[in-house]
Every structure is written in C-alpha cells, then in structure tokens.
Amino acid sequence: MDIQENPHAGYLKYELKNFEKLPVKIWEDSREASKHVAKSIALAIRQRQQDGEMIVLGLATGSSPIKVYEELVRMHKEENLSFKNVISFNLDEYYPMPKEARQSYWRFMHEYLFDHVDIDPNNIHIPDGTVAMDQVADYCHNYEKQIDLAGGIDIQLLGIGRTGHIGFNEPGAWETSPTRMVRLDHLTRHDAQKDFQGEDDVPYRAITMGVGSIFKARTVYLLAWGQHKAHIIQQAIEGEISTAVPASFLQKHPNVKVVLDKSAAEELTRMRAPWKAGICNWTDDLICKAVVWLSGKSGKPILKLTDEDYNEQGLSDLIIEQANSYELNIRIFNRLQHTISGWPGGKPNADDSKRPERALPAKKRVILFSPHPDDDVISMGGTFQRLVDQGHEVHVAYQTSGNIAVHDYDALRYAEFMLEFGETEKSLGDQDVKNLKKIVSFLNNKKSADEDIPEVRSIKGLIRRGEARAGARFTGLDDAHIHFLDMPFYETGKTRKKPLGDADIHLIMELMEQVKPHQVYAAGDLADPHGTHRVCLDAIFEAYRRLSEKAWLKDCWVWLYRGAWHEWPVHEIEMAVPMSPQQLRKKRQAIYMHQSQKDHPPFPGDDSREFWQRAEERNRETARAYRELGFAEYEAMEAFVRWKPE
Ligand code: F6R
C-alpha cells in the first residue's frame with residue numbers, strides 16, 4: 001500500500017505546504033513499490049501491443065531496478081506479458097568493460113531480464129564498453145541517433161547514485177549533455193567496489209546517456225530504496241536545481257514520478273518534520289518524534305522545553321491539542337525513560353508494567369540471530385553479555401558463512417599452515433596434500449575477477465566460523481549453544497546472492513522449534529535493500545509466519561538491532577541497554593576475535609573506521625543522545641526496536 005493511503009502510517013491530516021518539487025510516491029517497502037512500477041510498464045507495453053506499435057524502454061542497472069525486472073519476468077512467465085514489441089536502450093556501461101565480465105551491465109541486463117523474456121535481441125541496445133577509444137565519440141553520437149530513430153524513449157527507469165548521478169552523469173554534468181564518455185566520481189567508484197575485487201579494480205570511466213538524452217524520455221521513473229539514499233533524494237527533490245546534484249534537473253521535466261520506500265524518504269520534510277508541511281494526526285509516536293526533534297533543534301533537554309519553544313519551531317498545534325508543554329514534556333520524558341533497561345531479558349521479581357521486557361519467565365530462552373559471523377558482537381555485544389551474565393539460556397545462530405569477506409592472503413595462510421602441519425606431523429594422506437596444493441596454487445594464481453573454487457570458499461567459511469566461535473565463547477557460551485546455519489542463499493561465492501528459498505527458511509524454523517525461544521534478536525537493517533541483512537531478516541519473518549500456529553510462539557518477542565552501519569533514531573527505540581566503560585571494553589575484545597575483519601576488511605562499506613570503532617562510536621552516540629534529552633549519562637548504549645507481527 002502506498003503509505004499516503006495507509007491511515008496508520010500517514011502523518012498528515014491536511015497538507016499546507018509542499019516542499020517537494022517533484023511528484024513523489026512513498027511505499028512501505030521496495031518490493032511493493034517495484035511491483036507497482038512493473039505493472040505500469042506492463043500496461044504500457046500491452047497498450048502498444050493492442051495498437052500494433054513498438055514501445056521504447058530506457059533501462060537502468062544497479063540494485064534499484066532489480067525487483068522491477070523480477071516482477072516483469074514473473075509477468076512474462078505467469079501472465080503472458082510479451083516483450084516482442086519492446087525496444088530497449090540501457091543508460092550506461094563501464095569503460096573499458098568486456099560484455100562477458102562479471103560486472104558488465106550487459107551481463108547484468110541479460111541475467112536479470114533479457115535471458116528470461118521474449119525480447120528480440122536485435123532490439124536490445126547497451127552501450128559497448130569495448131569500443132576503441134578513438135571511436136567512442138562516433139559511437140556515442142550513433143547511440144543517441146538510434147534512440148531518436150526508434151522514436152525516442154517512452155519510459156525511462158532511473159536509479160540515483162549517492163553523488164546525485166542519474167545514468168553516470170556525475171556532479172558537473174550539464175543539462176543538455178548527450179551520450180558520451182565520462183569519468184566516474186570517487187564516491188561512485190567506492191560504492192561500486194562491492195561488485196569488484198576492491199576499489200582499485202573499478203573502472204575510472206563509463207559511457208552514459210546524458211542528462212539531455214534522459215530528458216527526452218516521455219515518462220521517467222526515478223527509483224530509490226534504503227536509508228543510504230535518503231540524503232541525496234532530499235536534495236534532488238526539495239533542493240535547488242544544480243549541476244552539483246544532476247538528478248535535480250529532473251525538476252524541469254514535465255513527467256517524472258519518484259518512487260521511494262520509507263527509508264529513502266526519511267529525510268523529506270513531510271517525513272522528518274511533517275508538522276512543517278501540514279496539520280498532523282498526532283499519534284503518540286509522532287508526538288515523541290516531534291518532542292525529540294524540538295529538543296535537538298532548541299538544544300534543550302525535554303523537561304526544559306517551554307510553550308515558546310513549541311510555538312517558535314512551528315509546533316504550536318501540539319500545544320493546542322495537548323494542553324501545555326509541561327505535561328507533554330513529562331509524558332514523553334517518561335516514555336523515553338522506560339526504554340532504558342539494564343535487564344534486556346526482563347528483571348526478575350520486579351514490576352514490569354513500565355519495563356521493555358517481561359519479568360517472567362525469569363530465565364528466558366533466547367536466540368540471537370547474526371546474519372554474518374560478527375554481527376552478534378558488533379551490534380549487540382554488550383546486551384549479549386548481559387543476557388548470558390543474567391542467567392538466560394542464550395543461543396547464537398550465525399545465519400550465513402560470511403565466506404566472501406575473507407582476504408585471499410588469509411585463506412592462503414591457513415591452507416599453507418595445514419599443508420606444513422601435515423608434512424611436519426606426517427598426518428596427511430596423498431589426496432589431502434593434492435587438494436591443499438591445488439588450493440595454494442589457485443590462490444597464488446588468482447586474478448581479481450576470478451570466482452573462488454569451492455575448497456577456497458570452504459576455508460574462508462571455516463576461518464569465519466572459528467572467529468565467531470571465539471567471540472561467542474569469550475562472551476560465555478559453550479559450543480552446544482553456538483549454531484552455524486550456513487544458509488544456502490548466500491553460497492554463490494559472489495556479492496550477488498540467490499533468492500531466499502525454502503531450505504533457508506527451514507533452517508531457521510528448525511532451530512526455533514528446537515529452542516522455543518522467549519526472545520529472538522535479529523538484525524533489523526533495512527538500509528541496504530539488497531543486502532544480506534535484509535534477506536536474513538525476511539527469512540526470520542517468514543519462519544515466524546510459518547510457525548504462527550505454535551503455542552510457544554505467542555510468548556516469543558522479537559527484538560531488532562541494527563547492524564554496523566547505522567542506529568535506530570531515538571524516538572523509535574523501545575529498549576536501550578546501557579554499558580559501562582568496562583562492558584564496552586569487553587565488547588571490543590569480542591569484536592577483536594574477528595581477525596579476518598580487522599584493519600582492512602574486504603567489504604568495509606563506505607566507512608574507513610574498523611568495526612569495533614564504528615560500534616563504539618555508535619553506542620556512545622546513542623548514550624549522548626539520551627543524555628542531551630535529559631537522561632542520566634551513560635558511557636554507551638545498545639538500542640532495540642520490538643517487531644510485532646501483524
Ligand atoms: C545504472 C546507473 C546508475 C545507478 C545508480 C544507483 O545503470 O546508471 O545511475 O542507477 O548508481 O545504483 P543502485 O541502484 O545500485 O543504488
């Protein structure tokens with residue numbers, strides 16, 4: 001459901017002021033949004049078919065359009081949607097880039113769409129990353145001409161880069177720019193490294209349709225999912241038109257539809273501070289959000305906010321509806337105070353009516369699901385420790401092997417170790433020696449684009465297994481409470497994973513059935529729409545749904561933590577677990593056990609700090625945020641939100 005049509009999610013009763021300079025539709029999640037876009041495209045294709053006409057689609061790559069393509073493929077297979085009358089032009093391609101390379105957009109388009117539908121291969125156009133340098137200008141000119149000859153683009157799909165690029169039109173691109181060769185921005189290359197062996201392998205250039213070429217399309221869909229896009233989306237939609245944010249040029253186009261999920265829309269005024277845009281439906285959650293916002297804005301703790309502060313910052317409405325600032329402040333202060341608890345498993349023999357967790361049963365069974373082998377200690381190492389110390393039966397379940405995130409040199413070191421140990425102790429058979437030598441030779445000769453052979457993936461998985469076990473043991477678990485699920489969806493050896501399958505969900509269900517937990521902790525990262533965390537969470541939700549008839553499940557509460565990348569906003573936190581300086585240091589030691597992820601992990605994301613540093617700074621930041629609202633000063637805090645099934 002579009003969230004404006006959803007009475008529970010909709011904040012605004014009446015819109016008074018629109019800060020958005022483009023039409024925007026916000027959806028609960030990217031799947032629903034993508035289905036909606038796919039439906040519109042299918043409708044247009046079918047309409048043209050009825051008239052015996054061709055339709056020209058402008059297509060994008062990257063994570064944003066993937067679910068649209070998946071839905072179009074489903075419609076082709078199940079609903080007879082034909083692509084016989086489709087001509088396609090892709091936005092861009094890296095340069096240089098052979099078609100068959102793992103990272104080529106040519107390959108991407110065939111894997112996600114063209115190989116599964118009945119489009120005529122002659123109607124597919126994707127910029128060619130192999131054209132000789134001295135012919136690129138002519139090639140680009142011709143690409144542009146072919147679009148015109150086909151009648152111009154009817155529907156253009158676009159993603160947006162964190163630089164604000166559309167296609168590969170980076171900051172500085174001009175409004176009428178045509179198809180051409182461009183240089184990629186540093187941030188774009190950095191973001192692209194997840195598909196390559198590292199940033200150094202990402203090409204410096206690309207061939208892209210220009211802003212002007214995109215502008216000629218009759219209808220444009222701009223898609224964005226995830227919190228990491230929220231900032232640039234706000235600039236493109238509410239900011240001034242500027243070459244610094246090429247997507248802002250779309251404000252001049254007569255027919256653009258911006259399609260967002262909730263996370264990508266987070267920084268739009270109507271979401272961040274809806275009271276500025278209109279008259280609000282003041283739910284308790286929204287009031288809490290407004291008071292926390294006001295406290296930040298005025299630099300005062302909650303209990304010092306006055307009627308004048310509310311009035312000055314455009315929140316007079318709230319005062320009119322809620323009597324006065326004094327009572328309002330106390331109410332919200334108490335609400336937030338009740339989220340703070342050093343008893344994440346519930347405090348035995350205490351009145352739990354104002355506590356985040358139930359007092360009973362005093363000893364709870366807990367499963368902590370960790371998508372990668374280190375998320376448990378990075379994201380909730382302090383709470384993990386407390387649960388163990390407070391006598392609960394804690395199980396930790398590592399959902400994936402995490403094997404792609406180990407450096408080749410680490411795998412080589414272990415393979416050589418096994419070989420040398422075997423030779424020294426004369427404990428290896430001929431076959432073992434042969435296998436290990438094969439691994440050593442593979443790793444010594446591996447080229448950056450080569451995929452790992454299964455034996456290497458196995459070593460890498462075992463390295464992470466050992467580290468995870470060390471971290472969990474350090475926290476106080478014995479081996480019987482440490483579970484490695486190795487969910488199959490992850491095992492591709494590539495960053496691109498398989499879709500979630502029954503086998504994945506069954507692994508979660510089996511463990512849940514075995515433990516019958518009172519508490520489940522899961523990574524609730526919704527920022528990365530295509531990331532492993534999201535898939536791992538979907539698997540837990542699905543397992544929960546399939547087990548919904550089980551009596552024990554009614555007593556099972558699910559707490560969501562966030563991964564290494566960002567934290568819950570304070571007004572959403574439902575349980576905040578404080579940590580002392582010693583506890584924080586202990587958490588750091590548990591993270592240290594993950595040696596393969598130290599210094600320069602293969603997938604650091606867009607943050608140069610080590611994982612323990614990010615975790616500590618984030619936990620300190622949460623404590624600081626509580627303190628600034630007027631609560632006690634803690635060293636650090638871990639935060640959780642409770643997920644309640646519909
Ligand atoms: C892709 C393209 C780029 C991407 C943008 C967003 O053909 O031209 O503009 O759309 O970089 O990428 P994702 O969707 O991966 O975040």
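The values are calculated or read from the model by the stated rules, or taken from the named source; none is laboratory data. Since the model is a prediction, treat every value here as computed from it, not as a measurement. All Cβ positions, glycine included, derive from the backbone under ideal geometry; neighbour counts span all protein chains shown. When the accessible area is computed, the model is the full protein with side chains, heavy atoms only, and any ligands, DNA or RNA have been set aside. Shrake-Rupley method; radii C 1.70, N 1.55, O 1.52, S 1.80 Å.
Residues that are more than 25 Å from SER64 (Cβ to Cβ), at pLDDT 95 or above and open to solvent by 10 Å² or more (accessible area, probe 1.4 Å): which strands (runs of 3 or more DSSP E) entirely in the range 465-566 hold 2 or more of them?
Because the criterion is at least 2 residues that are more than 25 Å from SER64 (Cβ to Cβ), at pLDDT 95 or above and open to solvent by 10 Å² or more (accessible area, probe 1.4 Å), the strands (runs of 3 or more DSSP E) in the range 465-566 that meet it are 482-484.
Looking only at residues in the range 71-93 that are crowded, with 23+ Cβ neighbours inside 10 Å, of a type outside the set (A, V, I, L, M) and within 27 Å of the chain's Cα centre (by Cα), which one is nearest to the ligand (Cβ to nearest atom)?
Filtering the range 71-93 for residues that are crowded, with 23+ Cβ neighbours inside 10 Å, of a type outside the set (A, V, I, L, M) and within 27 Å of the chain's Cα centre (by Cα), the one nearest to the ligand (Cβ to nearest atom) comes out as ASP92.
List the helices (runs of 4 or more DSSP H) inside the range 297-340, counting only whole elements, that have at least 3 residues being open to solvent by 60 Å² or more (accessible area, probe 1.4 Å) and not small (Gly, Ala, Ser).
307-312, 325-337
Going through the range 374-409 one residue at a time, which ones are touching a His at 6+ places or on another chain (Cβ under 7 Å), of a type outside the set (Gly, Ala, Ser) and in a loop (DSSP other than H, G, I, E, B)?
Listed by number, the residues that qualify are ASP374, THR400.
For the range 194-213, what are the residues that are open to solvent by 10 Å² or more (accessible area, probe 1.4 Å) and over 30 Å from GLU20 (Cβ atoms)?
Scanning the range 194-213 gives LYS194, ASP195, PHE196, GLN197, GLY198, GLU199, ASP200, ASP201, PRO203, TYR204, ARG205.
Identify, by number, the condition in (1) open to solvent by 30 Å² or more (accessible area, probe 1.4 Å); (2) in a helix (DSSP H, G or I); (3) touching a Phe, Trp or Tyr at 6+ places or on another chain (Cβ under 9 Å) that SER427 doesn't meet.
Checking SER427 against (1) open to solvent by 30 Å² or more (accessible area, probe 1.4 Å); (2) in a helix (DSSP H, G or I); (3) touching a Phe, Trp or Tyr at 6+ places or on another chain (Cβ under 9 Å), the one that fails is (2).
What's the number of the condition ARG180 fails, among (1) crowded, with 20+ Cβ neighbours inside 10 Å; (2) of a type outside the set (A, V, I, L, M, F, W, C); (3) within 30 Å of ASP450 (Cβ to Cβ)?
ARG180 satisfies all of (1) crowded, with 20+ Cβ neighbours inside 10 Å; (2) of a type outside the set (A, V, I, L, M, F, W, C); (3) within 30 Å of ASP450 (Cβ to Cβ) except (3).
Looking at (1) farther than 23 Å from ALA44 by Cα; (2) within 13 Å of the ligand (Cβ to nearest atom), which one does ASP200 not meet, given that it meets all the others?
Only one criterion is unmet by ASP200, namely (2).
Name the residues in the range 233-248 that are touching a strand residue (DSSP E or B) at 6+ places or on another chain (Cβ under 8 Å), open to solvent by 10 Å² or more (accessible area, probe 1.4 Å) and in a helix (DSSP H, G or I), would you? Let's see the steps before the verdict.
Kept after step one, since they are touching a strand residue (DSSP E or B) at 6+ places or on another chain (Cβ under 8 Å), are these residues of the range 233-248: 233, 235-237, 239, 246-248.
So of that shortlist, the ones also open to solvent by 10 Å² or more (accessible area, probe 1.4 Å) come out as 235, 239.
Of everything in the range 233-248, just one residue is touching a strand residue (DSSP E or B) at 6+ places or on another chain (Cβ under 8 Å), open to solvent by 10 Å² or more (accessible area, probe 1.4 Å) and in a helix (DSSP H, G or I), namely GLN235.
Consider LYS99 against the criteria (1) part of a strand (DSSP E or B); (2) within 16 Å of the ligand (Cβ to nearest atom); (3) surrounded by fewer than 16 Cβ atoms within 10 Å (Cβ to Cβ): it satisfies all of them except one. Which criterion is unmet?
LYS99 satisfies all of (1) part of a strand (DSSP E or B); (2) within 16 Å of the ligand (Cβ to nearest atom); (3) surrounded by fewer than 16 Cβ atoms within 10 Å (Cβ to Cβ) except (1).
Of the numbered conditions (1) within 16 Å of the ligand (Cβ to nearest atom); (2) in contact with a Ser or Thr (Cβ under 6 Å, 6 or more places away or on another chain), ASP118 fails exactly one; give the number of that condition.
All conditions are met except number (1).
Among the residues of the range 252-274 satisfying the criterion of being outside the structural domain of SER40 (by TED's automatic domain parsing) and part of a helix (DSSP H, G or I), which is farthest from ILE160 (Cα to Cα)?
That would be PRO274.
Just to verify a result, which residue in the range 114-136, among those that are within 18 Å of ALA206 (Cβ to Cβ) and assigned to a helix (DSSP H, G or I), is least open to solvent (accessible area, probe 1.4 Å)?
VAL136
Of a type outside the set (Gly, Ala, Ser), modelled with pLDDT of 95 or more and not in a loop (DSSP other than H, G, I, E, B): which single residue out of GLU111, GLU78 fits that description?
GLU78
All but one of (1) open to solvent by less than 30 Å² (accessible area, probe 1.4 Å); (2) within 15 Å of the ligand (Cβ to nearest atom) hold for ASP191; state the number of the condition that does not hold.
Here ASP191 meets the rest and fails (1).
Looking at the range 367-396 only, could you name the residues that are buried (at least 24 other Cβ atoms within 10 Å of the Cβ) and closer than 16 Å to ALA480 by Cα?
ILE367, LEU368, PHE369, VAL394, VAL396, listed by residue number.
List the number of the failed condition for HIS141; all other conditions in (1) surrounded by fewer than 19 Cβ atoms within 10 Å (Cβ to Cβ); (2) outside any loop (DSSP other than H, G, I, E, B); (3) under 28 Å from the mean Cα position of the chain (by Cα) hold.
It is condition (3) that HIS141 fails.
Taking interchain pairs and intrachain pairs at least six residues apart, which have beta carbon atoms under 6 angstrom, with the first residue in the range 569-597 and farther than 16 Å from ARG386 by Cβ and the second small (Gly, Ala, Ser)?
VAL570/ALA625; ILE573/ALA639; MET593/ALA470; MET593/GLY471
Just wondering, is there one or more residues in the range 214-224 that are within 13 Å of the ligand (Cβ to nearest atom) and either open to solvent by 20 Å² or more (accessible area, probe 1.4 Å) or of a type in the set (Val, Ile, Thr) (or both)?
Within the range 214-224, one or more residues are within 13 Å of the ligand (Cβ to nearest atom) and either open to solvent by 20 Å² or more (accessible area, probe 1.4 Å) or of a type in the set (Val, Ile, Thr) (or both).
Quickly run through the range 166-188 and pick out the residues that are among the hydrophobic types (A, V, I, L, M, F, W, C) and away from the ligand (no atom under 13 Å from the Cβ).
Of everything in the range 166-188, those that are among the hydrophobic types (A, V, I, L, M, F, W, C) and away from the ligand (no atom under 13 Å from the Cβ) turn out to be TRP174, MET181.
Counting just the residues of the range 42-70 that are within 16 Å of the ligand (Cβ to nearest atom) and assigned to a helix (DSSP H, G or I), which one comes out nearest to GLY161 (Cα to Cα)?
ILE66
Only one of these is assigned to a loop (DSSP other than H, G, I, E, B), over 16 Å from ALA247 (Cα atoms) and of a type outside the set (Asp, Glu): GLY151, GLY172, GLY164. Name it.
The conditions single out GLY151.
Looking at SER63, is it of a type in the set (S, T, N, Q) and buried (at least 16 other Cβ atoms within 10 Å of the Cβ)?
The answer is yes for SER63.
Residues ALA290, ALA277: which one is in the same structural domain as LEU315 (by TED's automatic domain parsing), more than 16 Å from the ligand (Cβ to nearest atom), over 22 Å from ILE66 (Cα atoms) and open to solvent by less than 40 Å² (accessible area, probe 1.4 Å)?
Every option except ALA290 fails the conditions.
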